[in-house]
Amino acid sequence: MAGILGYGKFTHAVVRGIPDSFGKSKATGGEGEEVDLAKAQRQYGVYTGILRQKLGLQLIEIPADSTLPESWSVEDTAVIQGDTALITQPWNKDRRRETEAVRKVLEELKLHVVEGADDENATLDGSDVLFTGREFFVGISSWTNHKGAELVADTFRDFAVSTVPVSGAAHLKSFCSMGGPDTIVTGSSEAAKQALKAMEQLTDHHYEILTVPDDAAANCVYVRVGSKSNYLLHRSAEEYPESAAAFQKLTDYTLLPTSCSETSKLGGALSSCSLLINRRLDL
């Protein structure tokens, strides 16, 4: 299948700067902790530097917008596979304006852009969508409902789409992600265990499972460079020492410890801060 053959290969990363209004939204999935704006901006700078310098991705940076305090979480605005991009419909209606700038960038990259639902009741956050290279899992959460999941199924008809219940204020990718082709990284909480159990019951494929002690550390970013080089951005040992040690099992990977403590306080994760795209343009 085309999805798994090219899994983890990307050419571009779309990111959006940390606005001065960072942390001032009333609707987030975090714990209400006080955030450090300057630290968040420094961590964002390191993150984007890794994408550009370590991974060789072409970085497309959308300017920060202080009227959109959660716009740094670009992952929520689109679901991208191959040359198709689905514009989402975030649960928080104040965030729906974030999709305008993202849509423009995706159109400039000549992706086939599919608009979100006409149904105002459909909600979909990209952080609830896990693409494994073989199929999609969509978390049914406080942020994404069944009508939102139907948008994914209607857009990506070449892939199976299954729904997974997510409890509390979390997104599906708050406690799981892909650590490589056919490898799911998952946290150790009861919510993570239940979600993994549901995915294993729904799938026809076999996945290797890497379990880490901390849910937040289970969200990582896998990128394949060339034909043999595997890179993994994961939370740093300073943040989650036990989970960082678990990634040492991936002996054929180049591990890139990356901190995102401030966005994490607002429900964000490493994957929240970018949209990764595999697009070769003939210019």
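Which percent of Cα-Cα pairs in region 231-283 sits in each 10 Å bin, short to long?
21, 42, 25, 10, 2
If we sort 11-23, 47-59 on the protection proxy, mean other Cβ atoms within 10 Å, highest first, what's the order?
Peptide ranking by packing, descending: 11-23, 47-59.
I need to check one value: relative contact order of the chain, counting alpha carbon pairs closer than 8 Å and at least 6 residues apart, in percent.
Relative contact order of the chain: 23 percent.
If you consider only alpha-carbon coordinates, what radius of gyration and Dmax does region 43-123 have, in Å?
13.6, 41
Keeping all protein chains in place, calculate the accessible area per residue for the chain (probe 1.4 angstrom), answer in Å².
Accessible area per residue: 45 Å².
In deg cm²/dmol and to the nearest 500, what is the mean residue ellipticity at 222 nm of the chain if only DSSP H runs of at least 4 residues count, each as -39500 (n - 2.57), divided by the residue total?
Result for the chain, helices only: -6000 deg cm²/dmol.
How do I209, I277 stack up against each other in accessible area, from largest to smallest, with a 1.4 angstrom probe?
I209, I277
Please report the carbon-and-sulfur percent of the accessible area for region 203-283; probe 1.4 Å, protein heavy atoms only, DNA, RNA and ligands left out. Write out the running numbers ahead of the final one.
On the way: 1760 of 3780 Å².
Carbon-and-sulfur percentage of accessible area, whole number: 46.
Counting only C-alpha contacts under 8 Å and six or more residues apart, can you give the relative contact order of region 115-174 as a whole percent?
39 percent
Just the number, please: Stokes-Einstein D of region 161-248 in µm²/s, Kirkwood Rh from C-alpha pairs, 4 °C, 1.567 mPa s.
Estimated diffusion coefficient is 96 µm²/s.
How big, in percent, is the set of alpha carbon pairs in region 98-180 lying more than 16 Å apart?
56 percent
Roughly how many Å² of W91 are accessible to a 1.4 Å probe, to the nearest 10?
That residue has around 120 Å² of solvent-accessible surface.
Taking every Cα atom in the chain, find the radius of gyration and the maximum pairwise distance Dmax, and write them in Å.
17.1, 49
Relative contact order of region 197-245: what whole-number percent is it, with Cα pairs under 8 angstrom and at least 6 residues apart?
This gives 29 percent for region 197-245.
Among V138, V113, V221, determine the one that fluctuates most according to a GNM of the chain built with springs between C-alpha atoms less than 10 Å apart.
Among V138, V113, V221, the largest mean-square fluctuation in the Gaussian network model of the chain belongs to V113.
With a bin width of 5 angstrom, please list the P(r) values of region 127-283 as percents of all Cα-Cα pairs, from the 0 bin to the one holding the largest distance.
With a bin width of 5 Å, the distribution comes to 2, 9, 18, 22, 21, 16, 8, 3, 1, 0.
How many percent of DSSP beta bridges within the chain run antiparallel, rounded to 5?
The antiparallel proportion sits near 45 percent.
What distance in nm separates the simple spin-label points at T84 and T211, each placed 7 Å from Cα in the Cβ direction?
Output for this residue pair reads 3.5 nm.
Suppose we flag GluC sites (Glu not before Pro) only when DSSP calls them loop and at most 10 other Cβ atoms lie within 10 Å. Which is the longest uninterrupted stretch of the chain?
121-237
Starting from the 7 Å offset along Cα-to-Cβ, what nm value, one decimal, do you get for the label separation of K54 and S229?
Here the answer is 1.2 nm between the modelled labels.
What dipole magnitude, in Debye to the nearest 20, does the chain give about its Cα centre under +1 on Lys/Arg Cβ and -1 on Asp/Glu Cβ?
The calculated dipole for the chain is roughly 700 debye.
Output the direction-averaged projected area (hull surface divided by four) of the convex hull of the alpha-carbon atoms of region 30-167, in nm².
9.3 nm²
Among bridges DSSP assigns within region 127-216, what percent are antiparallel (round to 5)?
Values: 7 of 17 bridges.
Here the antiparallel bridges make up roughly 40 percent for region 127-216.
Using a simple charge model, +1 on the beta-carbon of Lys and Arg, -1 on the beta-carbon of Asp and Glu, nothing else, what dipole does region 153-260 show about its Cα centre, in debye to the nearest 20?
160 debye
Return the subset of K9/K110; K104/K197; K147/K193 for which the Cα-Cα distance in this structure is over 28 Å, preserving the input order.
The pairs that break the limit, which is 28 Å between Cα atoms, are K104/K197.
Can you run phi through the Karplus equation (6.51, -1.76, 1.60; θ = phi - 60°) for region 84-94 and list ³J(HN,Hα) in whole Hz, with x for Gly and Pro?
Values per residue, Gly and Pro as x: 10, 10, 9, 6, 7, 9, x, 4, 6, 4, 5 Hz.
The values are calculated or read from the model by the stated rules, or taken from the named source; none is laboratory data. All of these numbers come straight from a predicted model, not from anything done at the bench. Methodologically, a virtual Cβ is constructed for each residue, glycine included, from the backbone with ideal geometry; neighbour enumeration extends over all protein chains shown. Accessible surface areas use protein heavy atoms only, side chains included; no ligands, DNA or RNA. Shrake-Rupley method; radii C 1.70, N 1.55, O 1.52, S 1.80 Å.
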